[in-house]
Structures are given as C-alpha cells and as structure tokens.
Amino acid sequence: MSDPILSVKDLRVEFATRSGPLRAIDGVSFDLNKGEVLGFVGESGAGKSLTGTAVIGLIDPPGKITGGEIRLEGRRIDHLSIEELRRIRGREIGMIFQDPLTSLDPLMRIGDQLIETIITHVAVSRTEARARAVKLLEDVGIPAAAERVMSYPHEFSGGMRQRVVIALALAAEPKVIIADEPTTALDVSVQAQIIALLKKLTSERGMAVMLITHDMGVIAQIANRVAVMYSGRIVEIGPVADVVRQPAHPYSMGLMGSIPSLHAEHARLKQIPGSMPRLTALPAGCAFSPRCERADARCKVERPALAATGMTTSACFHPVTSTVAEVAG
Amino acid sequence: MVDSLIKAPRSRLMLRLDAIRDSHLFYSFTRSWIVMVAAFFALLIVAAAALAPLIAPSNPLDLASLDLMNARIPPRWLENGDPQFLLGTDDQGRDLLSALLYGAQVSIGVALLSTVLAILIGVTVGLIAGYYGGIIDTVIMRLTDVQLTFPAILTALLVNGATRAILGDRQIQGSEFWILVVSIALAFWVKYARVVRASTLQERNKDYVHAARLIGVKSWKIIVHHILPNVLGPVTIIGTISLALAIITEATLSFLGVGLPPSHPSLGTLVQVGNEFLMSGEWWIVFFPGIVLAGLALSVNIVGDWLRDALNPKLR
Amino acid sequence: MKSQSDDITPTLVTVSKLRKVYDLSGPWLEKVLAGKGKQTVTAVDNVSFDIKRGETFALVGESGSGKTTVARMVVGLLERTAGEVRIDGISVGSTASAGERARLRRSIQMIFQDPYASLNPRWTVGAIIAEPIVTFGLIKGKAAVAERVGELLTLVGLSPADAVKYPHQFSGGQRQRIAIARALSSNPEFIVCDEPTSALDVSVQAQILNLMADLQERLGLTYLFISHNLAVVRHVADQIGVLYLGRLVEIAGSRDIFERPRHPYTKMLIAAVPDLEDPGKAPEGIVGEIPNPVSPPTGCHFHPRCPLAMDRCKIEVPAFRDGVACHLA
C-alpha cells in the first residue's frame, strides 16, 4: 500500500481547566489512505468531532493539541501558523459540517462563494472559475445549475443547501475531506440522497474522507473502514463489514446490538448498562471497564493498547469472538 | 408541598457553601482585583451608612445640636480646621462626616427600595405579558415602548412633579422619601418588564411548562413556581447595574431640588448645597459628598458589569 | 407487548378527523394596512386512527409531516381546528364534569423529545416527579409522597436518593428516565411519546426503549409513539401510521408495513433506512424533498416524488381507504 494521505499518530488534545487539564483525546492514531472513506463513530463526547477539528487545526482555546503528530502527505501540519493552516484548509482539506446554514454566507450568492473559493486556492481566471462553479453544482446534483448559481442560500431547500456545501468543500479539489455529521440535520429520505452523492463523488474523484457521525448506518453505507471511539480513544478500528458483523471490542459489540434494525420486530434491544464516563471522572485502566461484563481485575488497572484481534484491531484484553448475529440470537 | 421539595434540606447548608466556593462565579470574582476592590468599597460605604447612628460623631438631623458659629469650618488637617470636625462643616454648621454618613444612608435606602419596587412591578408585568401574550402583551409592550422614548430622569421628574402638584407641598411633607422611591421605580421598571417578558416567552414554550399544563396546573402557579425562578437570572444583573443608576437618579433629583429637603440630607442634597460654596473657596462641602457619590455609583456598576459577564455563558 | 391485531382487545383511544390549520397572516392591523389576505397552512389534515388498549401505535414521518402537531392535539396542549379525540369513550375537551375531566387528564401523560427542556432546571428531581401527584391530590402527606417518588425512581432504574438532586446532575438518558417517572406518577393509562429517544445516543436509546417496553408490559400502558426513525418504530410498534405533509398515507400492522408496504412513500422511507446487515449498499431510487407546507402540491401531496404518479394523482386527493391513501393501491 502506498503512503497514507493523512496520518495521525498518538494525538492528544487537552482542555485547560481550573482543576487541571482534561484529556479529551488520548493517543488517537490512524492512517487515511487515498480514495478511502474512514468512518468515526461514537457517542456524544467520545471525541470523534474533536479529532476532526484537531486535524484541521480549529480547536478553540482552552483546548489544545498537547501531543502526537498529524501529517498530511508526510508533512507535519499540527504546529503550523494560523496563516499556513488557513491555506491548507479548503485547498488540501475540505470540510462539510452538520448545519449547512452555518457553512454558507447568507448574504452572498452561492456562485460567488464558490468562485471566491476556487480563485483563492486555484490559479484560474474568473470566467474559468465560474464555469467550474457551475460544473461543481451539476456534479452535486443541483438541477438547472447554470441558473441557480446566482441564488442565495435561503432560496435552497435543506438537502440542496447541503449539496452546495459539498460543492464548496470540493471547490479547490482537496485531497482530504472531513465530513462532520453531514447528514444529521437532514430527513431520512434526503439523507439517503446525500449519502449516495458522497459515495459517488469519493469513488469518482479518489478523495480520502474522514466521515464523523453518530449514525452507524451512515458509516455502513459509505465507509471502507470504521474507527469506534470511546472516551477519547479509538477502541476498535477495522473494515466496516467486519466491525459491523464481528466486532472484537465489547463496546463495539454493545453498540451494534443497541442499534434497532429493520429486520427484527419487537425484539428486545441489546443494551449497555450505564453511560460513558465524564472526562472529569475517567476510571483507571480501560475506560469501558465499569460497563463491561467481560472486565476483570486487570481491566480496572491496566489500559489495553490497540492490537490485532480477529478481523479487526481493538483495544481489549478480552475481545469478543462471536458475531453480532450469534450474540443477538 | 411541592415547594418544600423544591428546596434542598437545610442540613445541606455546608454543601451549599462548598458549592459556592467551587462555583465559577466565586472563581471569576477572585480573579479580578478591580472587582474585589469595588465590591469592598461598595460594602464599606453601605456598612458605614447602615451604621451611621452608631459611628457618626453627631446627629445632623438633630437641629438643636447645630450651631451656626461652626458653619463652613474646613477639614481638620487644614488651617482653621477644628479637631471636632474631621471633614469640616457645611453652611449650617453640620459635621460633614456625619452628614455624609446619614446622607449615604438615605441615598442607598432610596436606591435599594426603588430598585426593589421597580423589580416587583417589572417582573410582574413582564411575566403576565409574556405568559398570556395576545392583546395584553401588545398593550403593555407598546406602553413600555412609549416610556422608553423618555430618558429615565425625565420620567422620574414627571412623576415626582405630578405627585407634588396634585398633593400640594404641604401634603407631601414627611413623605418626600417615598415619593422619591416611587418616582425612581416608575422610571426604571420598564427594563425589567421587557427582559422578563422576553425570557418568559422562551420559557413558556419549553416542555417543562407543557408538562405542567398537561396535568392542569393553574396558570398563576405555572408562572410563579415554574417560570419565575427561570427568568430571575438577568433580573439580578440588571438590578445591580441599575442600582448605580438609581443612586445617580436620586442624587440628580435631589440636586434639582425635587428630592429630600435640605434638613434631611442625601448625597444629592449635600452636593447641591456644596455647589453654592464652590466658588467661594469652600470646596470640601461639595468635594466629599461628590467623591462618595461617584465612588459608590462606580463600584456598584463595576460589580454589576462583572456579574453580567460572569453569568454570561458565552463569555466563559 | 401483546401480539398485534387481537380483535378482542378493546380500543382505548380513538382519533377522528383531526385537523389543524395555522393562520400565518400577521395581526389584524397589518392585514388591513398591507392589504394582504388570510394566509393559512394546514399542518394536519383529516387524520384518524384507533389505538387498542395496551398496544403501541406509532406515527412516523419526516419534518413537516405534522406528527408532533398530532401528538400535541391528542393530549390537549394544542387546540384542534376540527376533529375529536376520545379516550375510553370520553371526548377530550368536551363539557364533561370537572371530576371526569380531571380523571381524563390524569390518565393521559406525555414524554417529550428533549430531556434538557422538559425538566425544570430549578426544581429537584423529587419535586418534578411529585408535581402530578400533588396536583391531582393522589397521595396525602409529605412522607407518603416522598415514598412514592422513591418507588417511581426505582421503577425507572434510578435510586430514591436521586430525589434531592437537580436535573443538571444527570445525563440525557437519566433525565429521560426522570421524565418517564414523572409521566408515570399520575398512574396514567395512555402515554404520548414525542420522539422520546431522538435526542439520545444509540446505546442510551436502547436502554430507554427497553425500559418503555418493560413498563408497558408491567403496567398495561398504551403508547402513541411519535418518531422519524423507522427502525426504532419497528421495534416498538404494534400498529404504524405513516404521515406525509399532514395526511396519513398508510396505516398497517408493524409486520405488514415492513414486509408489504403499499404506499409508494412508505416504500421510499423504508428504502432510505441504512441497513447494517448489508454494509456498503447505498440507497437508490429516492428523489426529491418534502415540499413547503404553505404551498403543498395539488391532488396527492406525494405525486411530484412518486415514481408511479399518473395524471389523476395531480388532481384528485386519494381517499384513505382500507389502510392506504393511494390511487394505485
């Protein structure tokens, strides 16, 4: 395999508080390869969005990257100046956020926003940028793109707006896209269309995508690999089909079991007791151990590292060996 | 019965104190020495004013003790100063320090009472307008719009003047204090009404209010038990800031001669009296009341501003 | 939960021809001055369904479908423009005697979507749960009320000692448990659940759905369950009604609707749900978005998105007959 486009090693993000630093991301490492969609799934507070924010250097104080390194095509980008980071954002890393309204300037025609982004990052004339903008809007499935290019964001429906945001993220033809909950604000039927679009675009353009979402279903549909996050750490990472069908980490297993499916009627859902610990009260050892039925004395004191376990890589001393279907059955 | 359950048991007082010590509010307080100095200064003046009868060298209200021979004596560290009068005397021979202490008491009393009254009126009106909405809301809010076009001092002057005109000077003798309180309250209630109305509109549509409506809790109970505790936050902030404004307004009214009579001095009256002697070189008669007035208003304002920022989650 | 379509089970709730029209035009004075006519939007149009005692009826729909409006009209939080709601034969909002009205009120409760907004932040958990008990005068005496509150807390999986705490001390899932305890405190027969888990993380959602199922079985509760999530609905519902732009398009038993959906919109909704058992498959054949309810399409509201639409669908509103509202069914 060729070198990864994006490589994150041992990333640590801390928030300074009165009572000392809170570690929100602790030793997260992953590689993102060309043309790959890597999903990040986890509950709110697990650190999945923060990981994305750290990669693009947008962590707000009092948060701070306090360890590890982030490399884009081998070049370290975690200690760049604000100006250098700004050049990378948009040009080399595109972003898609949950709420399309916050990503678009409400007072600017969408065509102008696209043209501005293209001109800022790519050396082309205004006329050519305009042609590219129309082409982009066509690519993301906006009907009558040549006319709609002169419209304002509020003239679009929610789904169309998210398409515009995607067009904007693609404008400078970045190598990596970070999509943070791109479909969460949308209705199911619109979400399905956006997923199909993202899938088509990534395979056509060979972009690498970091897809952050709480919705395992979305990840299952378009991601190649998935990283399951819990309490600021990756607890399992592997090919989507394997993580979905045969996860090794008890948390992943619990997560899969708790997702209602269209196939089981009236079945009792598998549930994980308790809830994710607050950052202020992280247990020693494995953060999942207080909720884990497989946990033993060792889990309470020693923190498991990521290691190959069956089909996936997971951080567990007692990985699950059965499949989701067996556990559910 | 619900009320008794709302409040945590008293035995948890110590826990409460711990909570205060650990709170963000206390923390941000200790982080700013300006705020600490201001709060200390404000508390010092309030305490001194409250204890005026105990600590003042003489009683300026006791006309019999005054001696015109003692008029306009400079502070004691100046030439011709009298050790009996630390800050000197005014034109009637009153000890300025005593007059200041008693005057601050009156000023702070008027400011506190008028602010409390303004809050009572404003919060009640705001809750009613916000909760019931419709025509009641429209009428009340247009009324506040109209009043907001007048400066507060003008409203206070108008109310004050109208009361005096209707009742006659003789009638109001002895109740100037209360007229002052009411006229300042009527000038300031609008702010509370508008803020409380806006918060009430938000709270009214939250699901905890729906849950109470669903089981048929009476409207006034919902307003008092559910909504009121949730809209008081901004009121305390505005209250603190406009306490400073109320002190200034009282002083202005008294300075303009529609406040308290000269025999019953407030900070404003003292400044007014002193003003007449400024040109003749007796600066201390206006200087000390002026400093206390400015210092008090400023420090209360600083505390109010800090409170606003400290309680604003967006600035944390 | 009981098995579906048991004909002997008596009907508890009858909703007939429910309708809600909102007046969008401004105040009277503005109308006169601006010379604008009356502008209205029909949020709910002719919605009828029955719920059998001890069963769960789910209303599914996307944003703008009017599902929450129906829920609020059923419990009486929102005035009905037309239509009737009967519970146990008594018409809600009728001029029944005061005692009957109080009894009715006590027997209907609601669980809201956002557990952060549905609990008064200034009240202790004990006071929140006790409010219905005290309001209806169900139990006299402070000690007895406190004991009942403790029982309810235990029932929903919390501890009686939690009564003295405030809502902010709990996680989202725990708050929803508190909201459930409050709803149960008046011993209701019928609980309207408005998206009770859509604000929660998926593992917590499983806990709450399981808890609700347990409580239904133990206490013989009847649920009206509002949701946008078809997979969740599949797990909880006996009967399902599908709403589109204020109109019911299909009602059927839970199994029937998933195995043999009849309305094209139902089919599209089901197709849009990501399937974890088939990772890598992107949804297909889903087009369009929900139109603006202020100017809905003529005839069948769904015709602009319907792959099967004929000329007739553009003109004629299909009647709701035999469980479905479609000219082709």
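The values are calculated or read from the model by the stated rules, or taken from the named source; none is laboratory data. Only a predicted model underlies this, so the values are computations on that prediction, with no experimental measurement involved. Glycine gets a Cβ as well: all are built from the backbone with ideal geometry, and neighbour counts include every protein chain shown. Keep in mind that these areas ignore ligands, DNA and RNA; they rest on the heavy atoms of the full protein, side chains included. Shrake-Rupley method; radii C 1.70, N 1.55, O 1.52, S 1.80 Å.
Remark: mean inter-chain Cβ contacts per residue of C:281-292 equal 5, using a 10 Å Cβ-Cβ cutoff to other protein chain atoms. Based on protein heavy atoms only, chain C ends up with 42 Å² per residue of surface accessible to a 1.4 Å probe. Scoring A:123-136, C:122-135 by mean Cβ neighbours within 10 Å over their residues and listing the highest first yields C:122-135, A:123-136. Per-residue mean of foreign Cβ neighbours for C:62-69 is 2 (Cβ atoms of other chains, 10 Å radius). Sorted from greatest to least, the principal axis extents spanned by the alpha carbons of segment A:175-240 come out as 31, 27, 17 Å.
The residues of segment A:67-164 have, on average, 52 Å² of accessible surface per residue, using a 1.4 Å probe with all protein chains present. When you restrict to C-alpha pairs under 8 Å that are six or more residues apart and normalise by the size of segment C:12-287, the relative contact order lands at 24 percent.
Taking every residue in C:121-133 and counting other chain Cβ atoms within 10 Å of its Cβ, the average works out to 6.
Would you mind calculating the relative contact order of segment A:243-329 from Cα pairs under 8 angstrom and at least 6 residues apart, reporting the percent as a whole number?
Computed value for segment A:243-329: 40 percent relative contact order.
Nearest 10 degrees is fine. How inclined is helix A:188-205 to the longest principal axis of chain A, computing both from alpha carbons? That works out to roughly 80 degrees.
Interface burial in segment C:193-217, defined as at least 10 Å² less accessible area with all protein chains than with the chain alone at a 1.4 Å probe, covers C:D201, C:V202, C:S203, C:V204, C:Q205, C:A206, C:Q207, C:L209, C:N210, C:D214. On segment A:1-111, 52 percent of the accessible area sits on carbon and sulfur atoms, based on a 1.4 Å probe.
Per-atom-type breakdown for segment A:243-329 gives carbon and sulfur 55% of the accessible area (1.4 Å probe, protein chains only).
Only Cα pairs under 8 Å and at least 6 apart count here; give the relative contact order of chain A as a rounded whole percent.
Computed value for chain A: 20 percent relative contact order.
Of all lysines in the structure, those lying under 17 Å Cα to Cα from A:K64, and not within fewer than 8 positions of it along the same chain, are A:K9, A:K48. Helix A:82-91 and the longest principal axis of the C-alpha atoms of chain A enclose an angle of approximately 80°. Helices in chain C that qualify as membrane-span-like (whole DSSP H runs, Cα extent of at least 15 Å along the helix axis, mean Kyte-Doolittle hydropathy of 1.6 or higher) are C:125-136. Spin-label model, A:S125 to C:L328: label points 7 Å out along the Cα-to-beta-carbon direction sit 4.9 nm apart.
In order along segment C:40-56, the phi-based Karplus estimate (6.51 cos²θ - 1.76 cosθ + 1.60, θ = phi - 60°) of 3J(HN,Hα) comes to 10, 9, 8, 7, 9, 10, 6, 9, 10, 6, 10, 10, 7, 4, x, 10, 10 Hz; Gly and Pro are listed as x. Sorting the segments C:53-60, A:98-105, C:151-158, B:218-225 by their residues' average number of neighbouring beta-carbon atoms within 10 angstrom, most packed first, yields C:53-60, C:151-158, A:98-105, B:218-225. When the accessible areas of C alone and A alone are added and the area of the pair subtracted, with a 1.4 Å probe, the result is around 3900 Å², both sides summed. Exposure check, 1.4 Å probe, all protein chains in place: C:S171 carries approximately 30 Å² of accessible surface. In whole angstrom, note down how far apart the Cα centers of segment C:265-293 and segment C:179-230 are. Here the answer is 26 Å between Cα centres.
Between the helical axis of A:126-139 and the longest alpha-carbon principal axis of chain A there is an angle of about 50 degrees.
Descending by average beta-carbon neighbour count within 10 Å, the peptides A:76-87, B:268-279 line up as B:268-279, A:76-87, the highest first.
Rolling a 1.4 Å probe across all protein chains gives A:E326 an accessible area of roughly 120 Å². Cross-link partners for B:K218 among the aspartates and glutamates, with Cα-Cα distance under 13 Å and sequence neighbours closer than 8 places in the same chain left out: C:E131. For C:K67, list the lysines whose Cα falls under 17 Å from its own Cα; do not include residues on the same chain fewer than 8 positions away. Partners within reach: C:K17, C:K20. Surface analysis of segment A:198-329 yields an accessible area of 41 Å² per residue, using protein heavy atoms and a 1.4 Å probe. Between chain C and chain B, roughly 2400 Å² of accessible surface gets buried, counting both sides and using a 1.4 Å probe.
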